[in-house]
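Please read the structure below before turning to the comments.
Every number here is computed from the coordinates shown, using simple stated rules; none is lab data. The structure presented is a predicted model; accordingly, all values stated were derived computationally and were not measured. No Cβ is skipped: glycine too gets one built from the backbone with ideal geometry, and neighbour counts run over all protein chains shown.
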Amino acid sequence: MQWILLSHPAPTEKEQPMKDLLQSICDKAKQRGASFADARVFESENTGITRQDGRADKLNSGSSRGLGIRVLKNAAWGFASVSDFDSDSAIAALDSAISMAEASATRSEEGCVAEMPGIQREVKAIVEIDPRTVSVERKMAALEGYEQAALKVIGEKLANSIVSYTDRADRETICNTQGTYVRKESIRTIMHCMFVTREGNLLQKARSRVGEPVGFELIEKTKPENFTVKAANLAVSLLSAAPPPAGKFPVIFHPSITGLLTHEAIGHNAEADHILSGGSIIEGKLGEKIASDLVTIIDDSTIPGKWGSFDYDSEGTPGSRRVIVEKGVLKGYMHSLQTAAKMGVAPNGSARAQSYASRPIIRMSNTFIERGASSFDDLVKGIDLGIYLRGGEYGYVFSERGQYTCHAGEAVMIRNGELAEQLRDVSVAGMTLETLNNIDMISDDFEMNMPGMCGKDGQWMYVDNGGPHIRVKELVVGGQA
Amino acid sequence: MIDNETLRKIAQAACDSAISNGAEFADVSVGYGKSLNVDLESNAIKSCDSRTGGGISVRAIYKGGTGWSSADSLTLEDAAEAGKNAASLAKLAEPDPDFISLPKPAEVYPKVEGLADPRIGDLDIKDLIRYSLENIDGALAVCSDAIVQGGFGAHYGSGALVNSLGVSLVSNGSHISGHIMTIVKRGGDVGSFYDFDIARVLEDFDPTEVGAMATKEAMKFLGARKIETRRMPVVLGPLASGSVFDGIVGNADAEGVQRKRSFMMGKLGEKIASDVITITDNPLINRGMSSRAWDYEGYPSKPLMIMEKGILKSYLYGSYTAGKAGVENTGHGTRGGGAASSNVIPQLGQMTSEEIIRSTREGLYINMGGLNPNNTTGDVSSSVDFGYKIEDGELVYPVMNAMVGGHFLDMLKNIDVVSSDYREEPGMIMPTLRVQDVLVAGGK
């Protein structure tokens, strides 16, 4: 079943009361002196299954519905949210948002928004198999198949296995005083696995995940070799991996770590709210060379089928492809309506909110370094003693100082221009500007398969990241040997 | 607000529905609350926010298989629907023969004072704005070009927890908090730091100096340098030592041990840390941030000695893991899996933190960050988020881009001292401690 994108539809009989209510909130906000207001309804429903040690004994489902209202009055922002609202509680929330804005005016950061033409759009999720139409039993059977394939690899070395499935449908409706009314639906499906292996007293673990903004067809196109079997093989091999060394080394990043680096080291720094608040190491460097010539960094929310993709952000602005760095030169940032107004540029649809109880804030979407021209073998050949890091897991950054950390699930020693012994999981740390300038070779391959959640200001948001293999002249490796 | 008895009725409706729809056991948690927040950026107010809402979560169990259903709606009809959904899922879930029972109601629950201060629920946004502006001004008084961000928030809520064996509990809870992050720039050199204050009752909330303290520390962080890679003692300050205690307590979760994915497996009764480490988990501290009279399943809370002079004395159990192991429930149950610690209290030592630093000839002082072990392997590979080089017993310069690595159990054995002084927040004792012979990786 294919859903199609609709434009300028007439509201259905069911949707009209919601549209009337949200429009009424925006009209009342203006009557009460707001220069801008938006009212967002966020609804979601999800189903999850966890299969552990051969039993799918945990099933869950959930739903959420609520309203969030932002008001900008006398250049001061106020926000209020209410769960499971009706028209009375919605108007009470508006009263609250206005009183919050009036209180903010005590000493507010000058709030403003870019003027945008009103957009009227409805976006339906594009899926082949709506997961809400698939039985729980069928989902459980799929997980069993993935687990069994992995257990054949692990055999007697198994200590613990977990395979889980989650599907989620989100519907966000945005109405604002600029005449925008956008109603968008997205469906995401994701599976995670973790295998713990044991040999004597030694335990190791490996993880993998697959996720896309699609429906149950994700299961039909995901082969165990690319999901659970991959993680199982890694969990077994890590039992004989050596502890990683500590110190400064030339490193090669697998695309999954390239993605982490791009997200943590530069992505957060290029969020315009960090730039304007003094919380970015690249503040004031627009138009300057901040990375090696080889580096072009993009954040693109328009890529079909990617975890971080979307049509409209939570302010009703269309998503877009944003060039952050081009051949080493800082070209642009990710913007909200406010930061675009403050910097005198066009908004580029980067403001998303986790739920109705969260204000839209600037988030990355799909962030990556563009592929280069060298072969992976060339990257390796140039290193006498270094480390190839694989299996990106997580990272974080202090964007104001540009100090970041990335964690790799495994690594490989490089000796005399060749891949050598396998190493266990390890973190690396660096300084953003140093690392970007120390990228001296980029491979001609590309991968972006890191569906995950980014945490910022207490909100979690869907993001993806990736890139080619990259070589960094030196980085601090936090090993134990 | 929705009163406690209404929340109890909603929870009971969901529980009854789960049982009447075929679940063998059920428990339900319902909550409702209000929060006010002031969000700060660029030395001003970014936004003032008010949030009101609640939700229900139903857990139904059938032959040990579990189904959960959650929703934001708090009507009796929707509660019954949630109960029905949870029961349907539980009946589809595969059976788990290791499940024994949910907790039965206790005859007596402990009394813990100071968990809910109605005055926090009555605070106006102007009160939080006052705290915020005082701290911005306090930061600027220390450094006139400091860049301040952060926030102040207050929350008051009510909840009910009901299960099919007769547990029926209601409670209120409050907390107030403030945090400030200050950035100071001198050309391309950037110093930053973060400080906070938290409390359950207004008397314990003293945010007066948070902005000033964060700014003083941020200024000390200018001129950070890289260091060489080598082994040295590492001193963890009050904002970092918690990673050691949490690393012990968090990995003493019985579920991780029973599932064979924890490096603490098989360590009960063993000496796995030095003599100076004794840790109690105490949920009964009046006004404590993590205090509770019962755990998340409704089992009565009590203090638990987790480690005594380096010997692991207990894992943390809830109803499922205690039943599986055939031991007494320790009151650390959650409804979603895993154990929940409460106030983790270390035993203090004899030397002050100043004496510990003075007695360290060369080392690294971690102001913020920690040892955060991999919870399966116990390996540590962590960044030093904020640290100082120690030379001849003094903190001589801030450090950038350094990491620590090793195995957590080796590090525990190498802890040679815990301080006598500490930073205190309600229910939180945060001392300084020193780990000898740690591999520090630096960028120099």
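For chain A, find the longest principal axis of its Cα atoms and tell me its angle to the long axis of helix A:15-31, 0 to 90°, nearest 10.
70 degrees
Give, to the nearest whole percent, the P(r) tail of the protein assembly as shown beyond 57 angstrom, counting all Cα pairs.
Values: 19492 of 427350 pairs.
Cα-Cα pairs of the protein assembly as shown separated by over 57 Å account for 5 percent.
List the pair-distance distribution P(r) of chain B, using every Cα-Cα distance, as the percent of pairs falling in each 20 Å bin from 0 up to the bin containing the longest distance, rounded to whole percents.
Per 20 Å bin, starting at 0, the Cα pair percentages come out as 23, 50, 26, 1.
Mind checking the angle between helix A:228-237 and chain A's longest principal axis? C-alpha axes, 0 to 90 degrees, to the nearest 10.
Between helix and principal axis, roughly 40 degrees.
From the P(r) of the range A:199-358, could you give the percentage of C-alpha pairs in the tail past 28 Å? Mind showing how you got there, number by number?
Working: 5192 of 12720 pairs.
When all Cα pairs of the range A:199-358 are counted, 41 percent exceed 28 Å.
Taking the alpha carbon gyration tensor of the range B:4-219, what are the square roots of 5 times its eigenvalues, largest first, to the nearest whole Å?
Values: eigenvalues 408, 67, 48 Å².
So the three semi-axes of the range B:4-219 are 45, 18, 15 Å.
Taking every eigenvalue of the Cα gyration tensor of the range A:329-458, multiplying by 5 and rooting it, what semi-axes result, largest first, whole Å?
On the way: eigenvalues 228, 64, 37 Å².
That gives 34, 18, 14 Å for the three semi-axes.
Quick one: helix A:136-154 against the long Cα principal axis of chain A, what's the angle to the nearest 10°, folded into 0 to 90?
Around 20 degrees separate the two axes.
Under 5 Å between amide hydrogens, which residues at least 5 positions from residue B:428 or on another chain qualify, with H placed 1.01 Å from N in the peptide plane?
Under 5 Å from the amide H of residue B:428 lie the amide H atoms of B:289, each far enough along the sequence or on another chain.
Pull up all non-local amide H partners of residue A:392: gap of 5 or more, or a different chain, and H-to-H distance under 5 Å with H placed in the peptide plane.
Counting only residues 5 or more places away or on other chains, the set is A:256, A:257, A:409.
When you have a sec, figure out the Kirkwood radius of the range B:224-444 from all distinct Cα pair distances and drop it here in Å to one decimal? Walk me through the numbers before you get to the answer.
Working: mean 1/r = 0.0562 Å⁻¹.
Here the Kirkwood hydrodynamic radius works out to 17.8 Å.
Once the cut-off is 42 Å, how many percent of the Cα-Cα pairs in chain A end up in the long-distance tail?
Working: 25248 of 115440 pairs.
Considering chain A, 22 percent of its Cα-Cα pairs are separated by more than 42 Å.
Among the lysines, which have Cα under 19 Å from the Cα of residue B:271 when same-chain residues fewer than 8 positions away are ignored?
B:309, B:313, B:413
For the range A:188-251, what are the per-bin percents of Cα-Cα distances with bins 5 Å wide, up to the bin holding the maximum?
4, 16, 20, 15, 14, 12, 10, 6, 2, 0
If r is the Cβ-Cβ distance from residue B:63 to residue B:270 and R0 is 35 Å, what FRET efficiency results, to the nearest 0.05?
Step by step, r from the Cβ atoms, then E = 0.45.
At what distance in nm do the modelled label points of residue B:119 and residue A:375 sit from each other, each positioned 7 Å from its Cα along Cα→Cβ?
So the two model labels end up 7.4 nm from each other.
Place +1 on the Cβ of every Lys and Arg and -1 on the Cβ of every Asp and Glu in the range A:247-479, take the dipole about the Cα centre, and give the residue among A:277, A:329, A:312 whose Cα lies farthest towards its positive end.
Projecting each Cα onto the dipole axis, the largest value belongs to A:277.
So who's got an amide H within less than 5 Å of the one on residue B:193, skipping anything under 5 residues away but keeping other chains? H placed 1.01 Å off N, in plane.
Residues meeting the amide H criterion: B:182, B:218.
Calculate one ³J(HN,Hα) per residue across the range A:465-481 by plugging θ = phi - 60° into the Karplus curve 6.51 cos²θ - 1.76 cosθ + 1.60, and present them in order as whole Hz with x for glycine and proline.
Ordered by residue, 3J(HN,Hα) equals 7, x, x, x, 6, 10, 10, 10, 4, 7, 8, 7, 10, x, x, 10, 10 Hz.
From the phi angles alone, apply the Karplus equation (6.51, -1.76, 1.60; θ = phi - 60°) to the range B:428-444 and give each ³J(HN,Hα) in whole Hz, x where the residue is Gly or Pro.
With coefficients 6.51, -1.76 and 1.60, one gets 10, 10, 10, x, 9, 9, 10, 10, 7, 6, 9, 7, 10, 9, x, x, 8 Hz.
May I ask you to list the residues of the range A:102-141 whose amide nitrogen lies under 20 Å from a point 7 Å from Cα along the Cα→beta-carbon direction of residue A:30?
Label zone hits: A:102, A:112-121.
For the range A:2-240, what log10 I(q)/I(0) values come out of the Debye formula at q = 0.15 1/Å, with one point per alpha carbon and no solvent?
Rounded to two decimals, the profile gives -0.95.
Give a residue-ordered list of calculated ³J(HN,Hα) values for the range A:363-371 (Karplus: 6.51 cos²θ - 1.76 cosθ + 1.60, θ = phi - 60°; whole Hz; x for Gly, Pro).
Those phi angles translate into 10, 6, 10, 10, 10, 7, 9, 6, 5 Hz.
Grab the other residues whose beta carbon is less than 14 angstrom from that of residue B:361, score K and R as +1, D and E as -1, and report the net.
On the way: positive: B:230, B:231, B:358, B:389, B:434; negative: B:355, B:362, B:391, B:392, B:394, B:416, B:437.
Once positives and negatives cancel, what remains is -2.
With +1 on each Lys and Arg Cβ and -1 on each Asp and Glu Cβ, how big is the dipole of the protein assembly as shown about its Cα centre, in debye rounded to the nearest 20? Numbers along the way, then the final one.
Details: 95 positive and 120 negative charges, 211 e Å.
Dipole about the Cα centre, nearest 20: 1020 debye.
May I ask you to sort B:89, A:330 by Cβ crowding, counting other Cβ atoms within 10 Å and putting the fewest first? Could the numbers behind the result be given before it?
Details: B:89 27, A:330 23.
Ranked by crowding around the Cβ, least crowded first: A:330, B:89.
Tell me the mean residue ellipticity at 222 nm calculated for chain A from its helices only (DSSP H runs of n ≥ 4, each -39500 (n - 2.57), averaged over every residue, nearest 500).
Details: 10 runs with 100 residues, N = 481.
It comes out at -6000 deg cm²/dmol, rounded to the nearest 500.
At a Förster distance of 22 Å, what's the computed FRET efficiency of residue A:237 paired with residue A:447, Cβ-Cβ distance as r, to 0.05?
Values: r = 20 Å, r/R0 = 0.91.
Efficiency, rounded to the nearest 0.05: 0.65.
Among A:123, A:228, A:239, which residue has its Cα furthest toward the positive end of the charge dipole of the range A:2-240, with +1 on Lys/Arg Cβ and -1 on Asp/Glu Cβ?
A:239
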